[in-house]
1. Over segment A:646-796, what portion of Cα pair distances is larger than 22 Å, expressed as a whole percent?
2. If you add up the charges near A:Tyr683, with Lys and Arg at +1 and Asp and Glu at -1, over every other residue whose beta carbon is less than 15 angstrom from its beta carbon, what do you get?
3. So for B:Ser489, A:Ser582, A:Ser932, fewest C-beta neighbours within 10 Å to most, what's the order?
4. What value, in deg cm²/dmol to 500, does the helix sum -39500 (n - 2.57) over DSSP H runs of n ≥ 4 give at 222 nm once divided by the residues of the protein assembly as shown?
5. When N counts the residues of segment A:289-400, how does its alpha-carbon radius of gyration compare numerically with 2.2 N^0.38 Å, as a ratio?
6. Among the listed pairs A:Lys825/A:Lys921; A:Lys783/A:Lys841; A:Lys166/A:Lys282; A:Lys487/B:Lys424; B:Lys424/B:Lys445, which have their C-alpha atoms separated by more than 25 angstrom in this model?
7. According to the Cα gyration tensor, what semi-axes, each the square root of 5 times an eigenvalue, does the equivalent ellipsoid of the protein assembly as shown have, listed from largest to smallest in whole Å?
8. Take the Cα radius of gyration of chain B and divide it by 2.2 N^0.38 Å, with N its residue count; two decimals is plenty.
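Readers should treat all values here as calculations from the given coordinates under stated rules, not as data from a laboratory. The model shown is predicted, which means the values in this text are computed figures rather than measured ones. Cβ: placed from backbone, ideal geometry, glycine included. Neighbour counts: every protein chain shown.
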Amino acid sequence: IMELNDRNLQTLTEYLQKTLSPDPAVRRPAEKFLESVEGNQNYPILLLTVLEKSQDEVIRVCAAVTFKNYIKRNWRVVEDELNKISDPDRTAIKANIVNLMLSSPEQIQKQLSDAISIIGREDFPQKWPDLLSEMVTRFQSGDFHVINGILRTAHSLFKRYRHEFKSNELWSEIKLVLDTFAQPLTELFKATIDLCQTHATDINALKVLFSSLALISKLFYSLNFQDLPEFFEDNMETWMTNFHNLLTLDNKLLQTDDEEEAGLLELLKSQICDNAALYAQKYDEEFQPYLPRFVTAIWNLLVTTGQEVKYDLLVSNAIQFLASVCERPHYKHLFEDQNVLTSICEKVIVPNMEFRSADEEAFEDNSEEYIIRDLEGSDIDTRRRAACDLVRGLCKFFEGPVTGIFSGYVNSMLTEYAKNPGVNWKHKDAAIYLVTSLASKAQTQKHGITQANELVNLSEFFVNHILVDLKSPNVNEFPVLKADAIKYVMTFRSQLPKEQLLEAVPLLVAHLQAESIVQHTYAAHALERLFTMRGANNATLITPTEMAPFTEQLLNNLFKSLAIPGSSENEYIMKAIMRSFSLLQEAIVPYIPTLIGQLTHKLLLVSKNPSKPHFNHYLFESLCLSIRITCKASPDTVDSFEEALFPVFTEILQNDVQEFVPYVFQVMSLLLEIHTSSIPSSYMALFPHLLQPALWERTGNIPPLVRLLQAYLEKGATTIASTAADKIPGLLGVFQKLIASKANDHQGFYLLNSIVEHMSPDSITQYRKQIFILLFQRLQSSKTTKFVKSFLVFINLYCVKYGAIALQEIFDGIQPKMFGMVVEKIIIPEVQKVSGQVEKKICAVGITKILTEYTLQALIGLFELPEDDSIPDDEHFIDIEDTPGYQTAFSQLAFAGKKEHDPIGDAVGNPKILLAQSLHKLSTACPGRVPSMLSTSLPAEALQFLQGYLQAATVQLV
Amino acid sequence: MPTENLSDKRMSKFKNKGKEPMKMRDRRIAECVELRKAHKVESIMKKRNISSVGDEPLSPADNTDNKQVISETIQEIVANVNGDCPEKQRQGCQAARKLLSRERNPPLKEIIEAGLLTRFVEFLGRNDDPTLQFEAAWSLTNVASGTSWHTQQVVEHGAVPAFIALLASPMLNISEQAVWALGNIAGDGPSYRDGLIDCGVIPALLARLTPDAPVGYLRNLTWTLSNLCRNKNPFPRFSAVQQMLPSIIQLLHHSDKSILSDACWAVSYLTDGPNERIDVVIKTGILPRLVELLGFEELTVVTPALRSIGNIVSGSDLQTQAAIDAGVLSALPQLMRHPKSSVQKEAAWAVSNIAAGPCQQIQQLITCGLLAPLVDLLRNGDFKTQREAVWAVTNYTSGGTVDQVVHLVKCGALEAILNLLQAKDTKTVLVILDAINNIFLAAEKLGEVDKLCLLVEEVGGLDRIEFLQNHENNAVYRAAQALIEKYFSEDGDDQCLTTEATDSNFVFGASDLQKRFDF
C-alpha cells in the first residue's frame, strides 16, 4: 500500500516530471519506476490526486495520460490471472472519475473520458450501475462544458453499438441505456436547439452548443444502429423535424474562414446525412414519411455548398445519401421527373466533377498523391468519386434519360472549350470525366473498363476529342487535358478497336517526353497496359512486328523519362520498361549493351537507399529479361552480364542491403543456370558464405537461396565434392534447419532432392543415416500433409536412384521393420495426395521399384487419379501489381523463373509401361504366383486398369 | 475464416450446418430482447379487451380521465355490487363493465383495488341471473386482458373453474364470454395456460365446437384454442396438443377468414418448436392445406400460414422434404414478390432454411425458379428481407454443389450480395463475406479463381472488401483480410526440431534420443 501522503505525492510528481524528459537516460528509468510501483494499492488514487491538486498544468496532463494508460493496461480482469487493481481502488476510481473529468479542463477531460470508456467497456452496466444515472443528472446542470464532457464519454461508451454483433447481452445493455438515456437525451436535444435560437448572435455560446449538437447526433447514430428502438420510433417526429431544420440552417457566425478544415456546422450536417442514410437503409418503412423532405433538403444543401475543401466530407456524404436512395425501387419516384433529373445532373453532379484549384495544385506539385488517387481509386471520400457513384446509381433506373441529359452537357462544355481553349480547358476536362463516369459500368485494374454504357459512343469520342490532344504538336501544353486523353485510352482500352490503339501507341511514346510527371507517368502506364492486352490465340494483342517501327523511340523515351526530375524512381516507367522488354523479345537484343549499363547504373544508385519497392522489383525483372532474352540467342554472353553485374552485386551483398539480397540470389541463379560447362570459380568463392546461418534467418532469403544452392549442385556437384567436401555438413545443416520448419520444410526437400540427384553416392554415404533419422524425427513430431507429400517424393527419388533394396536397408537399419511400417502407414494411404506432374512421376517410378502385393493398388490409384493439368499463366502477362513491400517475405522475380526439372527424365518415358514391364519380370522369375496374388488382392476395377497397362506394354504375366 | 463464422450462434441454429445436432434450427426464441415496438401485423394479440358496443350510450364517467369522477363511480359500483339487491348488483356490474370497456386507460387497477373481483367471480355462478353472469364475465374478461398482474388477480380470485363451468352455459353469449376470458388467461403465458389445461378446459371448449355454432362464437373459440397452443418454455404438453389438433385442422378448412387466421396462428405456435412438435403437425396431413392457404389474398391468413411453413422447413431434412412435396416451392415465388415487405421477409426466411438443406433440396429451389425472385429480393427488398435473403445465399453456397453455386452466381446473386457489403449491419456483412468465401471455394475446385476475382472486382466488390479491412469489428476485418490475402494478393515460423548453428554453419546431425518411431 502506498500511503496517500505529501511525501508520496511529491515523489510521484518528480517521476512524472522525469517521464517528460527528452533525454532517454532520464525518461526511461522514470517510466520503469512508475511501472514497477503501479501494482501497489493506492497508486491510481495518488495519480488522480496529483491530477487534481497539482499546480503545474503540464504535470496534471501528464498524470492524466499516465492514468489512462495505466487503466488501459490493467483494468481488464483476465481469468486465472492476478487482479492487477485492488477492489478498493476500483471502487474509489469509479466513485470519483466522472466528477473529476467534468471539473477538468478539456485536455484532461479527454484523457479521463477515454479512461471512463475503457472502464465502462469492462464494468458497464453490471459493475457500474449508477454510471448512466450519474451522467444523466448532469444534463440538467446547464453547464455545456460539463454536458459536452458527458456526451463525449457517452459517445465513446456507445459507439461500439455500431459494429458489434447482435446478442441478447448487447441488446439488454442497449435497452438499459435507452431506458435511462433516451428521454433525457431528447430533452437535451430540444433544449440545446432552443438555446441556439436564444444565443443566435453569441458566437462563443454557439460554438459550444453546436459541438453538443454534433455529439448528440453521433449518439443518435449509435443508439439507432442495431435496430429502431421503440423510443425513437415514438419520437421520430421530434428528432427528424429538428434534424431537418438543422440541415437547412445557416448561420453566418458559424461559417469559418479556414478553407481546409471542416467547421462545426459542416460536421453536424455531415452526421445528420449519415443518420438519415441509416434510417433510409434500415428503417425505410417508418422513415418513409420523412424521406422526401430529407432528399430535398440534402439536395438543396448540395446546390448551395461551395467548392472549398472543408465541405468535401459533407458533400460526399450528402451525395452518397442521394446515391443510396435513388437506386431503391420504392424511392425511385422521387427522381423520376425529367426536371428533377436534369437539376440533379446540372446542379449536383456536374459541379462536383469540376477540376478544382486544389486538384490543379496536386497535379502540379504533389503528382505522386494525385496519381494514386486518380489511378488506383483511393478516392473513396472525394467529391468526384461520390458524383460518379451517384451517376451509377441514377443509371440503374434512368440510364437513358441521364445519358441524354449528360450528352447535352458534354456537348455544351466542349463547345465552351472550343471557343477559347486557353481559358476554358477545364470544361473539356469535366466533359471527359463525365463521359468516363457515364460509360463505365464495370472496371478492373487488369482490363480497364470491361462493360460500357451502350448509349455512349466511345470510339467516336476518341476520334473527335481525344486524338486531337494526343496529336497536339506541343506535348507540354494543357498537361491536364493530355493526361485526360492518355487516361481515356488506358481506361477504355478493351472497348476501343485495335486500329485506334495502334494509332495511339506512337503518340503515347511521344508523351513519355512530357515535362508533367502525371502526363509521362500516365503515358508509361498506358503503354504498359496496352502491352498486356491479349489478342487471338492468347498472344499479345500488339505484336513485336507491329511495334518494330517504334521500338527504338519507345526504349529511348522510356529511359529518357527516368531522367526527368521527379521521375528518377518512377515505378510506372520501370514497369513499362519491363513490359516492353518482355513484349519485344529478340528485338531488344541490339539495344541491350547500352541499356544494361543504364540499368546497372540505376541499380547502383537505388541500392544506396532502397525506397521504392515496386520500382526496384521491376528493375530486377528488367535485368532478368535482358539476360534471358540475350542469352537465349547466344549463351556465351552470360560472361559479359556477369562482368557488368557482379561489381554491383558484390557491393549489395557486402553492405547487406536486405531488400535486394533475395533479388541478387535469383539473378545469380539465372546466370549460373545458363552456364553449360562447369561452375566458374567466382561462384565457388561465394559458396561458403551462402551457408551462413545469418542469411537463412531472413525468411525472404530462403526460397532464392535454396534455388541458388540447387543451381550450384546442378552445375557443380563434382566441384563441391572435390574442392569443398568440408562444406557438405554445412549444406546438410541448411537442409536440417529448413525441414525443422513447417513453413520451409518443402524448401529443405528441394535442397535434399538436388543433393541426392547430383552428388555422387560416395560423397554423401556417411551422412545418409542421419538424414533419414532427421526426417523420421520430424515425421514423428509433426506430420503435416505438406511434409508427407515432400517426404514421399524424396524417398521415391532416392529409390529411383539407389534402388528399393537400398531404401529398405537404410530404413530397417534405423529401426527393425521400419520399411514395412512406412509403406503401410505413409506410402499407401498418402501417396494419392502427391501433386504435380513430375512429383507424381517420381512416385510412380519409385513405387514400381518397391512394388509389393499391397502397394500395387495404391499405384494404380496414382495413375488413374485426375491429373492436375492447369497450365501456368503465360509469364509475360504476370501482373506484379500487388507485390508486397520488403517487410513481407519474398518477392519472386517472374522473369528469373526456373523451368520445371524432371530428375528422371527420359530414362522412364511412361511409368505405366514400366510397371507392366517390372511385373512381367517378376512373374517370369516365379511363374504362377503373380497373377493369383493380383487377382486375390486387387479389386476388379484396378485389375482392369492393370490389364490395360500390360496390353500397352505388350507383355503377359505368367 | 469460414469455420469461425460457422461457429456463430445463428449458423448453428440452421439445420445441418451446426455442430450440435440438437440445436440445428433457426429459432426465434433466442432473440428475446427486443428494441423495437411489438409488431403489429406480425402476430395476433395475446389478450383482447372487449370495447363498448358503439350504440350504447356512455355515461360521462365512462370516458373521463378525471380521477375524482372515476373514484366516485367506483364507490357507487362497490356499494351496488356488495348490496343484496339483484337489480343494483346488475347495475353495478354493468357500470363496472362500461368503465372497463373504455379504449383508453380502463381503470383496471382501481377496480381490483376496490375489491370487486371476489364478487364478480361469485356472480359467475349465478345461473339464476344470466344478465348478472354476463356482465360479471365481461368485466372479468377485460380485467384479465390487462398486464400479467391484472390477469393474476382474476385467476387468484378463483375465476378459472367458474369460467370453465360457464362454457357449458345454455346462453350462447355467456359461454362466449367465458371462452374469451379463458383466452385472455391462456394468453398470459405457459403457466396459466397449463393451469387451464389441468382444469380440463380443452374438452369443455371442444364440446362447444359444433357445426351449428355461429361464426362469431367460433372465432372466439379458435382464438382461445390458439392461445392454448401458444408460448414455449415449456411448450403445451403433447397430450393437450393431440387433443386440440383434430379440431384445429378442422377449423383450417373453415371458410371464415378470421377463423382461418387464428387456426393458422395455432399451427404456427405448434410448429415453432423442436422437430418432434413439427412431426405431430405434419402427421395430421395438413401440409397441402397450409400450402393452399399461402395462396390466399388476406394478409391475416397468409402471414401465419407462411410462418407455419417457415417453421416446418426449419425442421429436419425429411420435414422440409414433406413441405416441398406438398408444393411449397411453387407457392413461395409469388410470396417473395408479395407487395408487403413483411411477407417477403418471411418467405426469404423460409427459403434460407430450405437452402440450408442437402443439395437435392437446393436443386429443387433451382428447378422451381426461386433463384430469380431471391436475387430480386437481394437487390430490391427492404433491409430485413435482404438480410434473410443473404442468409439464404450463404446457406446455399455452403451446402450446394459446385454447379449449383455457379448457377447462383450466374443468376446475379454475387453482384447483389457484394452491393450489400455496404449494409449497416455487422452480422449481415460477415455473413456475406462467408458466402463470398464459399463461392471462391467453388471457384477453386473449378480452377476459375482468377475469373471470379475479376468478376468481384468489376462489380466494385474488391473495393468494398478492401474497405472492410478497416472495419471496427474484428471478425469482419479478419474475414475481409483473409479473402484479400487468399485471393487478391499475388503470393501467399514454426520450428518443429532444433538446429544448432555456429557463425558460419548450421550443425548437421540428429540428436541421439533413441526414441522409437511409430507413424
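1. On the way: 4529 of 11325 pairs.
It works out to 40 percent of all Cα pairs.
2. -2
3. Listing B:Ser489, A:Ser582, A:Ser932 from fewest to most nearby Cβ atoms yields A:Ser932, B:Ser489, A:Ser582.
4. Value at 222 nm, helices only, nearest 500: -20500 deg cm²/dmol.
5. Relative to the rule-of-thumb radius for its length, segment A:289-400 sits at 1.12.
6. On the way: A:Lys825/A:Lys921 27 Å; A:Lys783/A:Lys841 23 Å; A:Lys166/A:Lys282 15 Å; A:Lys487/B:Lys424 35 Å; B:Lys424/B:Lys445 32 Å.
Among A:Lys825/A:Lys921; A:Lys783/A:Lys841; A:Lys166/A:Lys282; A:Lys487/B:Lys424; B:Lys424/B:Lys445, the Cα-Cα distance tops 25 Å for A:Lys825/A:Lys921; A:Lys487/B:Lys424; B:Lys424/B:Lys445.
7. 69, 46, 37
8. Scaled against compact globular proteins, the figure is 1.29.
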